[in-house]
Amino acid sequence: MIATLAFLLAFFNGANDSGKGVATLACSGESRPRGALRWAVLTTLAGALAAVWGGAALAATFSGKGLVPDAVAGTPSFLLAAGAGAVVTVALATALRLPVSTSHALLGGLLGSALGGGVAVDGGALATKFLLPLAFSPL
């Protein structure tokens, strides 16, 4: 079930993000629509391969370990609730044609799963592992 949620999150993330790049390339005149689609496929594939190579640290961060007690972070119910929250957020935003950040959706899923389950959240880890990097990543 967790793998299905991961697939759905990747699908909706791609549905939300890929169109922006294709539209920019095609509408700016830099590429014809078919060429822009090829670029989208190529860069999405490159991103997937990069995630396989370097995604372990990112996956560990978004597992919830350190944010919530380890006994909770690894449980299927916690991971399913967090993943479902992220998938629904990204899918709904995509359907409504709203901009969305998958990182923010994942963090919201983790926090919602923890707080909904009455689990304490480590504020220091929240600030240093999530909030500060999210705040400064656009810079």
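Each reported figure results from applying straightforward, stated rules to the coordinates on display, with no laboratory input. Because the structure is predicted, anything quoted here is derived from the model rather than measured. Using ideal geometry, Cβ is built from the backbone for each residue, glycine included, and neighbour counts are taken over all protein chains shown.
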Here, R38 and V88, labelled 7 Å along Cα→Cβ, have an inter-label distance in nm of 4.2
Match the structure shown to one of the listed values [x] 33, 21, 14; [y] 61, 14, 10; [z] 31, 15, 14 of semi-axes √(5λ) of the Cα gyration tensor in Å, computed from it, and give that label. [z]
Give me the angle, in degrees from 0 to 90, between the Cα long axis of helix 33-54 and the longest principal axis of the Cα atoms of the chain, rounded to the nearest 10. 30
Going by how many other Cβ atoms sit within 10 Å of their own, how do F62, F11 line up, fewest first? F11, F62
Let me know the charge dipole size of segment 2-136 about its Cα centre in debye, to the nearest 20, where only the beta-carbon of Lys, Arg (+1) and Asp, Glu (-1) is charged. 420
Which trypsin sites (Lys or Arg not before Pro) does segment 6-105 hold that lie in a coil by DSSP with at most 10 other beta carbons within 10 Å? R97
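Mind checking the full-extension length gain between L45 and A127? Use 0.36 nm per residue of separation minus the Cα-Cα distance, one decimal, nm. Before the final figure, lay out each step's value.
Numbers: separation 82, 0.36 × 82 = 29.52 nm, distance 3.19 nm.
Net length gain for the segment: 26.3 nm.
Can you sort F78, F7 so the residue with the fewest Cβ neighbours within 10 Å comes first?
Values: F78 22, F7 11.
Ranking F78, F7 by Cβ neighbours within 10 Å, fewest first, gives F7, F78.
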Angle, helix 76-95 long axis vs. longest principal axis of the chain, Cα atoms, 0 to 90°, nearest 10? 30
Do the sum for the chain: with -39,500 (n - 2.57) for every DSSP H run of n ≥ 4, divided by all residues, what is the mean residue ellipticity at 222 nm, to the nearest 500 deg cm²/dmol? -22500 deg cm²/dmol
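From the square roots a ≥ b ≥ c of the eigenvalues of the alpha-carbon gyration tensor of segment 81-131, which class results: rounded (a/c under 1.5), prolate (a/b over b/c), or oblate? Don't skip to the end; give the middle numbers.
Numbers: a/c = 3.75, a/b = 1.68, b/c = 2.24.
Oblate, since a/c reaches 1.5 and b/c is not below a/b.
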